[in-house]
Each structure stands twice: as C-alpha cells, then as structure tokens.
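What follows is a short report on a single structure.
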Amino acid sequence: MEDAPDFPAPSYRGKPVSVPTLEKLGREQLSAHFYMRDFLYSEIAAVHGLHNIPDDPALAIQSGRRLAQDLLEPLVATFGPIVVRSAYRAPEVNAYGQKHYKSCSSNEANRAAHIWDQRDAQGNMGASASVVIPWFARRFEQGRDWRDLAWWLYDHLVFHDVQFFTKRAAFNLCWRENPERRIGSYAAPRGNLTTPAGPPPISRQDRRAAYADFPPFQGIAFPD
C-alpha cells in the first residue's frame, strides 16, 4: 500500500489544526444522545472549503451542553430520533451564508445562537440548532398546523427562541441565558406567535387541546 500523500497541515485563523484535535472536540459528549460532532457539519463549509471550528471550544461546549440537555434530549425522549439540519456555525461560515445564500442571519444576530462560542451584546451565552422531528414532519406534510408543535414547545421547554420554516416543519430552537420565549414562523400562517412583551394569545387549556394527541412528555424509556 502506498503511503498517504504528505499534504500540508491545515490551519484555521493562522493556527495549526490537527486531526487528533478535531477528533477530541468531536468526541465531547454534550448529553446522553448527542456529541459535539453531531453539530459541526455545514454544507456551506464543506462546499466552499471553510473551517467550521469554534475559536472558543470551551464556551461552545458549555453552550451546546445546555442546548442538548435542556431542549434536545426532551424532544428525543418524547418523539424519538430527531434530525439536526444546522447547528454550530463559525463566524466565517455564517457570514458567507448570509452574503452568498441569504440563508443566515448576520453574525451579530447569531451570537449566542448559531455562533455558540460568542456571547451576545448583553453578555448572554447561547446555542441554537435547526431540527426536524420526523414524527411531526409527517403530520405537517399532511396538513397539520405548525402551531400545534409550537404550543407544545412553549408549555414543555424553556427556550429563548423558536422559528419555524416551510419545509418539514423544521425549526430553529435556541437555548440562551435570560430567555425571551419568542416563537415565529415563515410557514403559514406567517408571523410571530409569541413575543417577550406579553403572555401567549391563547389560554393554557386551548394550547393543550392543540397537542392533545402528542406522545407523553419524555415517555420513551431508554436503557440505563
């Protein structure tokens, strides 16, 4: 067998990057079912040769653990497997996505959101992931209202921000210190469902009726 080609060691912002270093980062366990590697893939980075690597791995891991433990694990324990579409974005990757694809908010808006390793202007840490729940996506594609899931999220999880999209009821789910509990949607009916300024527009009884047929909260028992 021929030896592997001797390529130059890759670098990121002037610092050398090694396979063992990235393997160690990827193996960081954030929660029972999620590792850091699950959140690092980016189509934009892969296609355009960008490095989707945090400048501050410790802060990214700390924020990511809260996202995974507080928000994603309850989803898995209720609905089964979920799909992570987009999660951590390095500032370079996020800025490229905004400029060339119009698919990302600004770096300023994404600090303590998709940019896990930077705090927002108020000093809050946070982390965001775009996810699909296959159990609900099937029902959404058959005409189910995204607001049914939105009210379930509101009543069961302490999130900062939720934003629904038009395909497969995918949604951004953000954990952040000092959460504002915002829900909005690009899917019809488009607009804001909740705001930090006031209580939800419908009663808890009506919210519960919207998701009455959902599986029991965290009703899936996993082996120890």
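Only the coordinates and a few stated rules stand behind these numbers; no lab work does. Note that the structure is a prediction, hence the values are computed from the model and not measured. Here the Cβ positions follow ideal geometry from the backbone for every residue, glycine too, while neighbour counts run over all protein chains shown.
Observations, loosely collected:
- Within segment 133-146, residues that are surrounded by fewer than 17 Cβ atoms within 10 Å (Cβ to Cβ) sit with their Cβ atoms under 7 Å from residues that are of a type in the set (Val, Ile, Thr), at 6+ positions apart or across chains, in these pairs: Pro134/Val83.
- Only one of the numbered conditions (1) of a type outside the set (D, E, K, R); (2) in contact with a Pro (Cβ under 8 Å, 6 or more places away or on another chain); (3) buried (at least 22 other Cβ atoms within 10 Å of the Cβ) is not met by Ala127, and that is (2).
- The number of residues in segment 46-59 that are in contact with a helix residue (DSSP H, G or I) (Cβ under 8 Å, 6 or more places away or on another chain), under 15 Å from Leu22 (Cα atoms) and either without any contact (Cβ under 8 Å) to a residue 60 or more places away in the chain or part of a helix (DSSP H, G or I) (or both) comes to 5.
- Once segment 170-224 is narrowed to residues that are polar (S, T, N, Q) and in a strand (DSSP E or B), the residue that is nearest to the chain's Cα centre (by Cα) is Asn172.
- Every listed requirement among (1) closer than 24 Å to Leu157 by Cβ; (2) buried (at least 22 other Cβ atoms within 10 Å of the Cβ) is met by Gln62 save one, (2).
Residues checked against (1) closer than 27 Å to Glu43 by Cα; (2) not in a loop (DSSP other than H, G, I, E, B):
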{"position": "Val76", "(1), (2)": "yes, yes"}
{"position": "Glu92", "(1), (2)": "yes, yes"}
{"position": "Ser103", "(1), (2)": "yes, no"}
{"position": "Ala121", "(1), (2)": "no, no"}
{"position": "Ser130", "(1), (2)": "yes, yes"}
{"position": "Ala137", "(1), (2)": "yes, yes"}
{"position": "Arg144", "(1), (2)": "no, no"}
{"position": "Val158", "(1), (2)": "no, no"}
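- Selection of segment 176-203 for residues being in contact (Cβ under 8 Å) with a residue 40 or more places away in the chain and either farther than 23 Å from Phe140 by Cβ or touching a Pro at 6+ places or on another chain (Cβ under 9 Å) (or both) yields Arg176, Glu177, Asn178, Leu193, Thr194.
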